[in-house]
Amino acid sequence: MTTPLIGGNHAVSSGYQAWRLIAEELRGEILDGHVAVGAKLASEGELAERFGVNRHTVRRAVAALAADGLVVARRGSGTYVNEHAVLVHRIGMRTRLTDSLGAGVTVGMRLLGAGPETPPAEVASRLQIDGREALRLDNVRTVDGRPVLRGTQWLAIDFAPAFLEKYRRTGSVTAGLRAGGIDDYLRASTTVGARHATAAEAADLELTVGAVVLVVRALDVLPDGTPLLLGITRFAAQWVELDIEHGGS
């Protein structure tokens with residue numbers, strides 16, 4: 001059976017390469033459980049017939065899945081679905097990433113940059129700091145060694161003096177804020193969108209070019225409602241699901 005979205009000239013007319021469309025179709029089937037762990041993928045010939053493309057195109061698509069660790073080729077046998085896990089990040093009023101993922105996982109942080117900077121107008125408006133600098137933080141976070149998010153966070157500079165040293169040592173925003181005397185903060189708003197990763201995001205998150213990222217914009221405030229922190233986080237959609245809690249802590 002041919003999938004019309006990918007067959008014919010659709011990929012060419014859309015400006016999106018056919019092998020990427022095929023890879024995303026197969027990735028979705030694997031992550032949604034339609035193709036079970038340990039199951040054998042259809043052969044190159046069968047996939048080529050299904051999608052209406054040549055075997056070379058199918059080979060590139062399957063190679064992209066193998067690079068992500070979703071499938072493994074066994075010489076003389078075929079290609080099989082690997083063990084894989086999708087992380088569930090629960091977003092609540094006080095939920096932090098390390099708390100959300102629970103015990104048994106190792107969360108790491110690679111700091112890409114940190115320092116005062118004039119923020120974009122949208123950020124300045126939401127933090128209510130028009131005309132002033134904010135502290136910008138850029139980082140990549142890993143879970144058990146796998147990069148899963150690239151974050152950009154803007155901290156109102158009034159709260160920053162004791163923050164940065166602690167943050168550099170621990171990689172924890174919460175620990176940094178506590179060092180500055182802020183013991184509690186709340187999530188005021190969360191918006192979620194999706195788009196294709198930029199080349200820089202794909203490199204940082206070890207994704208194939210054109211992979212999808214979930215973009216989360218979140219505003220954190222002090223208990224009295226004073227804006228504190230605006231975060232723009234790009235999650236690797238193939239590895240992370242977001243569970244936004246309502247009315248919980």
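Table for the structure above
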{"quantity": "Highest to lowest packing among 146-153, 238-245, scored as the average C-beta count within 10 Å", "calculated": "146-153, 238-245"}
{"quantity": "Approximate shape of the stretch 151-197 as ellipsoid semi-axes (Cα gyration tensor, √5λ), whole Å, largest first", "calculated": "24, 14, 10"}
{"quantity": "Label-to-label distance, nm, for residues given as VAL107 and GLU46 (7 Å Cα→Cβ offset)", "calculated": "4.1"}
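Values quoted throughout were computed directly from the atomic coordinates according to the rules given, and no laboratory measurement underlies them. Every value quoted in this text rests on a predicted model; they were computed, and no experiment measured them. Cβ: placed from backbone, ideal geometry, glycine included. Neighbour counts: every protein chain shown.
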